[in-house]
Amino acid sequence: MGKFIEDFKAFALKGNVIDMAVGVIVGGAFGKIVSSLVNDIIMPVITLCTGGTGFENMKFVIKHGIPATEEGQAAVEEVAVHYGTFIQNIVDFFIIAFSIFVAIRVTVKFQEKWKKDEETAAAEPTPEPAPTKEEVLLGEIRDLLKQQNTDLEAKK
């Protein structure tokens, strides 16, 4: 039990929990976006293609419902297999899975590009910057002083 607690502390303090929490929050928000895409944009188009009935209305009725009567007979609920809802959930799953796949793929491509750019920048030596006007002038003064010093020594 002590080893388990130590492992959990190492895991919790490592920062993975924070990364995981951020992932869950972003994933939840992303799920809402994708659900809206499915429910508000894609499914109305599919509803038009299926003749005006959406997937959620497709069902196989096993036993029709009976409404309550004035004589006191209780209502009997309809018994049906709602296969349209199942199809809707399958469509949702594939769209969400595809969206996540595209998002991860784009993220990985950017990470690879940034890594390649960093490696290229690290491999290339940075050229010396061009000397400023002041540096050029100081260099000329230095050369003149050396020349004068050489001329004085030669006269001696």
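Within the chain, how many lysine pairs that are 8 or more places apart, or on different chains, have C-alpha atoms less than 29 Å apart?
Value for the chain: 10.
How far, in degrees from 0 to 90, does helix 2-13 lean away from the longest principal axis of the Cα atoms of the chain, to the nearest 10?
70
Quick one: angle between helix 16-36 and the longest Cα principal axis of the chain, in degrees between 0 and 90, rounded to 10, please.
So the inclination is approximately 50 degrees.
Accessible surface of Thr107 in the full protein assembly, 1.4 angstrom probe, to the nearest 10 Å²?
The accessible area of Thr107 comes to roughly 70 Å².
For region 1-108, what does the relative contact order come out to in percent, with C-alpha contacts under 8 Å and a separation of six or more?
Reported as a whole number, the value is 21 percent.
Can you give the accessible area per residue of the chain, in Å², using a 1.4 Å probe?
87
Run the quick spin-label model on Lys59 and Glu153: label points 7 Å from Cα toward the beta carbon, then report their separation in nm to one decimal.
Using points 7 Å along Cα→Cβ, the separation is 10.7 nm.
Using the Cα atoms of region 77-134, I'd like the radius of gyration and the largest Cα-Cα distance, Dmax, both in angstrom.
26.8, 94
Among residues other than Ile25 whose Cβ falls under 14 Å from its Cβ, what is the net charge (Lys/Arg +1, Asp/Glu -1)?
Local charge sum for Ile25: 0.
Report the relative contact order of region 40-156, percent, no decimals, based on alpha-carbon pairs under 8 angstrom and at least 6 residues apart.
Once normalised by length, the contact order is 15 percent.
Treat each spin label as a single point 7 Å out from the Cα along the C-beta direction, and report the Val24 to Asp7 distance in nm.
Spacing of the two 7 Å Cα→Cβ label points: 2.0 nm.
As I understand it, the dipole of region 1-149 uses +1 on the Cβ of Lys and Arg and -1 on the Cβ of Asp and Glu, about the Cα centre. Which of Ala21, Ala103, Leu137 lies farthest toward its positive end?
Looking along the dipole axis, the top candidate is Leu137.
Using a Gaussian network model of the chain with C-alpha springs under 10 Å, which one of Phe110, Phe55, Phe93 is most mobile by mean-square fluctuation?
Phe110
What's the angle, to the nearest 10 degrees (0 to 90), between helix 83-123's Cα axis and the longest principal axis of the chain?
0
Quick check on the chain: what are the equivalent-ellipsoid semi-axes from the Cα gyration tensor, as sqrt(5λ), descending, whole Å? Don't skip to the answer; put the middle values down first.
On the way: eigenvalues 1230, 128, 32 Å².
Largest first, the chain gives 78, 25, 13 Å.
Compute the distance in nm between two label points, each set 7 Å from the Cα along the Cα-to-Cβ direction, one at Trp114 and one at Glu78.
About 5.3 nm, to one decimal.
Ratio of region 50-111's C-alpha Rg to 2.2 N^0.38 Å, to two decimals?
Against the compact-globule rule of thumb, the ratio is 1.97.
The values are calculated or read from the model by the stated rules, or taken from the named source; none is laboratory data. The structure displayed is predicted, hence computed values, not measured ones. Because the Cβ atoms are built from the backbone with ideal geometry, glycine has one as well, and the counts that use them run over all protein chains shown. These accessible areas exclude ligands, DNA and RNA; they are computed on the full protein's heavy atoms, side chains included. Shrake-Rupley method; radii C 1.70, N 1.55, O 1.52, S 1.80 Å.
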